[in-house]
Structures are given as C-alpha cells and as structure tokens.
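Novice: Mind looking over this structure? Questions follow.
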Amino acid sequence: MLAFLLRRAVAALVLVFAVTSAALLLAQLAPGDFASREIGRTPEEMAAERHRLGLDLPVAEQYRRWLKRSLTLDLGESFQYQRPVIDLVRAGAANTALLAATALIVATLVGIPSGILTGSRRRGWLPRVIRGTSLLLLSVPPLISSLVLLTIAARTGWLPVAGIGGVSHLVVPTLALALPIAAMLERLQAQSIGDALVRPSAMAARARGIPTIRVVWRHGWRQSLGPILAIYGVIVGSLFSGSFAVEYVTSWPGLGNLMREALMTRDTYLVAGCAAAGAVCLAIGVLAADVAHAAADPRVRSDA
Amino acid sequence: MPESAGPIALRHETSARAGALFLVFAAAITVAPWLAPYDPGRQFDGYPFAPPMRPHLVDDSGAWHAPFAYALRLVDPIERRYEEDRTKRVTFASAEPWFLLGSDGFGRDVLSRVLAGARLSLGVAGLSTILALLIGATAGAAAGYGGGWIDAVLMRVADLVIVLPAIYLVLALRGALPLVLSTREVFIALVAVLGLVGWPSAARGVRGIILIETKTEYAEAARALGAGWWRVIGRHLLPATRGFLAVQALVLVPAFVMAEATLSFVGLGFSPPTPSWGAMLQDAGAGRTAAEAPWLLAPGVAIIVVVLAVHMAEQSRDPLLWGREGS
C-alpha cells in the first residue's frame, strides 16, 4: 500500500508541475500583456510599466525566476490586485473546494441509494420516475442547470441568487453542480448492483432464506462498490469542470472565476497560481479516490 | 461464434445511428436558419421582452383560420407589461411580429435566433468532433503501430490531457489567443481549441484496437504481400476502428456543444450580437433577466434536446445511460 501511495504521490507532483508551467508559458506567449491593457498609454509609459512588472525580460528568464521563487511557495504578485497570488488563490480554492465537496456529498447521498433502488427493482413507478429523471439530468450541463435554478430562485424569492454568505447561498450552486453527477452515480450504481445481484453468490444468499432487502443492501451493495469507487476519480475532474460554469453564473468567488478574470486581464502569475491550486486540488481529489478504491479492492494496488 | 456476433452487430448499429444523427444535424444546420420566420438580427421597435405568443386556430367569433396569434400591445413600458389585442390577428407575414418564443431585450425574435444559432453551435461541435477524431486516429495509429518512444510520448501526453478538467484546458488555450476576434475567427479558434482538447480518448482507443489488429493474420498477410506501413494502417487496420470512432463521436458532440455554450457564456466565445446558443444564454444570464423573461432560456432547451438526442442514439451501446432492461 505504501509503494502504491508513493507512486501516486510522485505522479501527482509531476502533474502539478507540468500544469503550472504550461499555464505560465501559455499565458506569457499569449498576445498582449498586462501593461498594454490600458488604452491611451504612451509607448514610454508602457515600457516603464513592463520593466516594473518584469515583463521586459525574455520569457525563459521570467520562467526561471518564477520557478526559483515558487520553490519557497512565493507565487509572485498579481498585477491587477497588487497582492500576493498565494493569498488570492488560497481564498478562491477554499471556496471552490467547499462547493465541490458539498456537491459531491449531496450527489452521493442522492445518487447511490436511488441507484440501488432502480438497480434492484425494475417494476413499479418509483424506479421508472428515477430512471427518467436521471436520463434527463444527464443531458443538462451545469451551465444550464444553474441558470434554471437561478431563475426559479429569483422568481420565487426563496433563496439568494448570487454571492457567498450563509448556508442558503450554497443551495443553488450545490444543486446545480450535484444533480447531473447524482444522475451519473444513479445510473452507474443501478448497473453495478444489477450485475452483483445475478451473481451466484447473491442467488445462494437468497436460497439460504436471507430476505431480499438484506441481500440487496448488504451483500449486493458491497460487491457493487468497486466500479463506483473507480468512477470517483473521474467525478473529481467533472466537479471542477462543472463548477467553473456554476461559479460564473452564481457569482461564487471561486477558483474558476479568478482564473477567467486572470486570463482576460493577462495577469500572468495569477493564471499560473490558479492553475497550480487547481492542479493541487485535483491531484488530492484523485489521490483520495484512488486510495479509497485501493482500500476497497486489493487488486487495484498491484497494477497501475 | 455467437458470442462475438452481438458486439459486432451492436457496433454496426451504433455507427449507423451515429451516421443518421450526423445527417440530421447537418440537415438542421442547413435548414434551420431558413426556417427562421425573421432575420435573427432584426429589432422590432416597441417589443422588448415580449412574452411568447400562443398560436390559435379558432378566433373569438368561432371562425377557423390558418395558425395565428393575437397582437401584443405594450401597456406599461416600465414594467414591460403586455396586453393581448383580441381584435387583431397576426401571422409571420403581417406587419406586427409574431414571437412564438417571445422576444429579447432588443425586440429580436428568440425563435429565429435559436434557429440561426444552430448553425454556429452545432457547426462548431460537429467540425471540432471531426478534427478531434482525425487527430486521435492519427496519434493512436502512430502510437499503436510505431510503438517505442512515439507510443510512450503520445500516451503520456494523452494521459495528462485526460486527467485535467477539460473546460480549464479549453479556457487556457482560448485565453492564449487574442481576446477580440471576428465571428469567423472565433469559429475557427473554437474548432481548433476543442479539437486539440478532445483527441486523447480517441487516440487511446484507436491505439488499443491497432495493437490487437496488428497481430491478426490478415494484417500479417498484408505485410507478407509487401504492403507498406501506410497501406497496412490505412487500408487494413484503421477500418477496424470505425465502430469505436462512431461511439467516440457520440461522446464528443454533446461535450463540445456544452463547451461552446460555456465559453460564449463567459465571454471567450461568440459575443452577444452573434446568435450562438452560448452567446444568447449570456444575454439571459445577465442580472435578473432570466427571472423576468424565462423564455430567454430557450437556447438552453435547444442544447438539452441535442444532448438528449445523442444519448438516445447511444442507447444500445451505453449501459451507463440505459441499464439493461430485461436481463
């Protein structure tokens, strides 16, 4: 288990380094820079501004300096906010992580039990309704689910529509992010438990007189866990992708909004900082999912 | 062999469905802007945020007509309250407009704009899918047939791209291009960016299939007969990946429709006067607009319909979506 953990941790470090460097270089190579943003500056003023920000150095030199500083967790200063990147990024990442974690919990609590229900019972109106809802929700991207929920919230006045504050501010973005993922988990869990229940072990349990409900929720569910845990690594990625649109629609001050703004203002170091924070969060999420999967299924530890 | 008959039949069925769906989309892209009752840019004065106008067949006196609606009159410009004028019938040909799906803040017909937007939104999605599959098939074939360091490099890059949340990758690549572009340039930029982000899973699949197929007797026979690597790959090995690529296309199209919408929505895709679905949603998402005029979410419904249609085409293939009835 230790070797497995170590391998994954090294892979995660490489991921963070590659992503951050790529983001920084991409942002530096993009046409235009922060100094040329304001209209009406004379070339001399622009040159002075570039010199002040260190943008007049060759790209390779800028990258080398940034790399050296980032070893001490100094990610430079945001041009626009004139504050250390690390502070801005930390706040954004915390907000995104809060949103993503809440959404993941909600999606799990809704998706897994309904999947067990639809997977173990094919007849009746409830499984039908759940299955139909899932199919619809799978076709609704987070951008649209958040717009629709926002519209409902604004029309009814039940919930705050934007920004950050108490628990009530979390409801709209969390649901917008969680519902499509809950649908995905439901479909997968239904499939997986359906497979587990036709195995001879389930049949044997039933033959021994164990009540169906116990066979489903105790025996079948345990066996169906493997494929579900395997998908959590993928879900962490889709949580990040989804939260970008949701954050923008609901003005949630997270990493996605910060990164979009940084890209549009050519705030180079902030772009790199956001990429770094995103990659770290992603790596932690994927690592956690991998560890959970490996803990549940020893076969995973040896390969990959 | 009855075991293999199933999957192969399924694969052909899926390619057929994917092909049919692409034809439908192509037809929609060509025909939709044509069906639009009004020019998508035309602004009707005095009709900001007009609600959808219900079609009627029978008027108040009980007489039958071709489909029509009752004219709207703006009674309160500040609250944007409209009243139906039950004496005046309008059709698409009359002087007063008939907004079947309502109008936006500039008095433009939402239906016409959704139809016109199909060309941009589905066009971007379709072309970038083709580009992604081309890159994926080439990279996959190179990795699978070439092996060695080519394989190692290509697959590491593919792994990296797959792990990253796609929308951030798209965002970073798009951010590296000039921010202000003409509609045509945005179209090309979006296709290029999405194609570059979408290829890895196709490449991985193609590589796997090629690795298996290279060892088959027919491939060996082709080589024994003196066929060069170009001919072996293009003529013999790549056709085996057709079914897989069709399934990949069905995965990529909805993802790309959503990506266009998201990018345009945040201001990095098509910008507002252009009627793409994402740009229209940006209008709807501004402030409390959608709360007061929910019909502006119509392009969102169009996106859901497209994605749902693609999922239906996948029906036979993807147990994740449909479960296995009766098994």
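Novice: With angles folded into 0 to 90 degrees, how steeply does helix B:166-175 sit against the dominant principal axis of chain B? Use alpha carbons for both and round to 10.
Specialist: On a 0 to 90 degree scale, this one is about 80.
Novice: While we're here: Taking only Cα atoms and a 10 Å spring cutoff, compute GNM fluctuations for chain A and point out the largest among A:Leu147, A:Leu170, A:Leu126.
Specialist: A:Leu126
Novice: Within 14 Å, Cβ to Cβ, of B:Val157, how many net charges do the neighbouring residues add up to if Lys/Arg are +1 and Asp/Glu are -1?
Specialist: Working: positive: B:Arg156, B:Arg204, B:Arg207; negative: B:Asp151, B:Asp159.
Summing Lys/Arg as +1 and Asp/Glu as -1 gives +1.
Novice: Next question, about the same structure. How big is the dipole moment of region B:176-224 about its Cα centre under a simple scheme where the beta carbon of each Lys and Arg is +1, that of each Asp and Glu is -1, and everything else is neutral? Debye, nearest 20, please.
Specialist: For region B:176-224, the charge dipole is close to 80 debye.
Novice: Looking at region B:204-263 from every direction and averaging, what is the projected area of its Cα convex hull in nm²?
Specialist: If you wrap the Cα atoms of region B:204-263 in a convex hull and average its projections, you get 4.8 nm².
Novice: Order by neighbour count: A:Val110, B:Val157, fewest other Cβ atoms within 10 Å first, most last.
Specialist: Values: A:Val110 19, B:Val157 16.
Ordered from fewest to most neighbouring Cβ atoms within 10 Å, A:Val110, B:Val157 come out as B:Val157, A:Val110.
Novice: In deg cm²/dmol and to the nearest 500, what is the mean residue ellipticity at 222 nm of the protein assembly as shown if only DSSP H runs of at least 4 residues count, each as -39500 (n - 2.57), divided by the residue total?
Specialist: For the protein assembly as shown, the value works out to -22500 deg cm²/dmol.
Novice: Under the Karplus relation 6.51 cos²θ - 1.76 cosθ + 1.60, θ = phi - 60°, what is the ordered set of whole-Hz ³J(HN,Hα) values for region A:229-242, x standing for Gly and Pro?
Specialist: After applying 6.51 cos²θ - 1.76 cosθ + 1.60, I find 5, 5, 7, 4, x, 5, 5, 4, x, 6, 4, 5, 4, x Hz.
Novice: Normalised by the residues of chain B, what does the relative contact order come to in percent, with Cα pairs under 8 Å and at least six apart? Present the calculation step by step, with values, prior to reporting the outcome.
Specialist: Details: 462 pairs, mean separation 69.4, N = 327.
About 21 percent, as a whole number.
Novice: Can you give the mean number of other chain Cβ atoms that lie within 10 Å of the Cβ atoms in peptide B:157-167?
Specialist: 6
Novice: Amide H neighbours of A:Glu77 under 5 Å, counting only residues 5+ apart in sequence or on other chains, H built in-plane at 1.01 Å?
Specialist: Answer set, sorted by chain and number: A:Val85.
Novice: Using Cα springs under 10 Å in a Gaussian network model of chain A, which residue among A:Ala277, A:Ala27, A:Ala153 shows the largest mean-square fluctuation?
Specialist: A:Ala153
Novice: Which cross-chain or sequence-distant (5 or more) residues have an amide H under 5 Å from the amide H of B:Tyr82, H modelled 1.01 Å from N in plane?
Specialist: Distant-sequence amide H within range of B:Tyr82: B:Val75.
Novice: Moving on to the next point. Most mobile of B:Thr274, B:Thr87, B:Thr241 per a Gaussian network model of chain B (Cα springs, under 10 Å)?
Specialist: Fluctuation is largest for B:Thr87.
Novice: With θ taken as phi - 60° and the coefficients 6.51, -1.76 and 1.60, list the Karplus ³J(HN,Hα) couplings across region A:70-81 in order, rounded to whole Hz; mark glycine and proline as x.
Specialist: These are the phi-based 3J(HN,Hα) values: 5, 5, 9, 6, 9, 8, x, 10, 6, 5, 6, 8 Hz.
Novice: Going by how many other Cβ atoms sit within 10 Å of their own, how do A:Arg222, A:Arg155 line up, fewest first?
Specialist: In order of increasing Cβ crowding within 10 Å: A:Arg222, A:Arg155.
Novice: Further, regarding this structure: On each of the three principal axes of the Cα atoms of region A:246-304, give max minus min coordinate, whole Å, ordered largest first.
Specialist: 48, 25, 11
Novice: Hey, what do the phi angles of region B:267-274 turn into as Karplus ³J(HN,Hα) couplings, whole Hz, using 6.51/-1.76/1.60 and θ = phi - 60°, x for Gly and Pro?
Specialist: Result, ordered by residue: x, 10, x, 5, 9, x, x, 6 Hz.
Novice: For every other residue with a beta carbon closer than 14 angstrom to the beta carbon of B:Arg113, add +1 if it is Lys or Arg and -1 if Asp or Glu, then tell me the sum.
Specialist: On the way: positive: B:Arg42, B:Arg108, B:Arg119; negative: B:Asp39, B:Asp104, B:Asp109, B:Asp283.
That sum, taken over residues with Cβ under 14 Å, equals -1.
Novice: Would you mind counting up the charge near B:Asp85? Only other residues with Cβ under 13 Å from its Cβ, with Lys and Arg at +1 and Asp and Glu at -1.
Specialist: -1
Novice: Contact order normalised by length for chain A, with contacts defined as Cα pairs under 8 Å and 6 or more residues apart; what percent is it?
Specialist: Reported as a whole number, the value is 30 percent.
Novice: Angle between the Cα long axis of helix B:298-314 and the longest principal axis of chain B, 0 to 90 degrees, nearest 10?
Specialist: The angle comes out near 30 degrees.
Novice: Roughly how crowded by other chains is peptide B:297-310, in terms of the mean Cβ count from those chains within 10 Å of each of its Cβ atoms?
Specialist: Taking all residues of B:297-310 together, the mean is 3.
Novice: Sequence-distant or interchain residues sharing an amide H contact under 5 Å with B:Gly269, placed H: which?
Specialist: B:Ser264
Novice: Under a point-charge model restricted to the Cβ atoms of Lys and Arg (+1) and Asp and Glu (-1), what is the dipole moment magnitude of region B:50-91 relative to its Cα centre, in debye to the nearest 20?
Specialist: Here the size comes out at about 100 debye.
Novice: While we're looking at this one, here's another question. On average, how many beta carbons from a partner chain sit within 10 Å of the beta carbon of a residue in A:144-151?
Specialist: Numbers: counts 13, 2, 1, 9, 6, 0, 4, 12.
Counting other chains' Cβ atoms within 10 Å and averaging over A:144-151 gives 6.
Novice: Same structure, new question: Which values of log₁₀ I(q)/I(0), to two decimal places, follow from the Debye formula for the protein assembly as shown at q = 0.07, 0.11 Å⁻¹ with a uniform point scatterer at every Cα?
Specialist: With one equal scatterer per Cα and no solvent, log10 I(q)/I(0) is -0.52, -1.24.
Every read-out reported here was derived from the displayed coordinates using simple, explicitly stated rules and does not represent laboratory data. The model shown is predicted, which means the values in this text are computed figures rather than measured ones. A quick note on method: Cβ atoms are made from the backbone with ideal geometry, for glycine too, and the neighbour counts reach across all protein chains shown.
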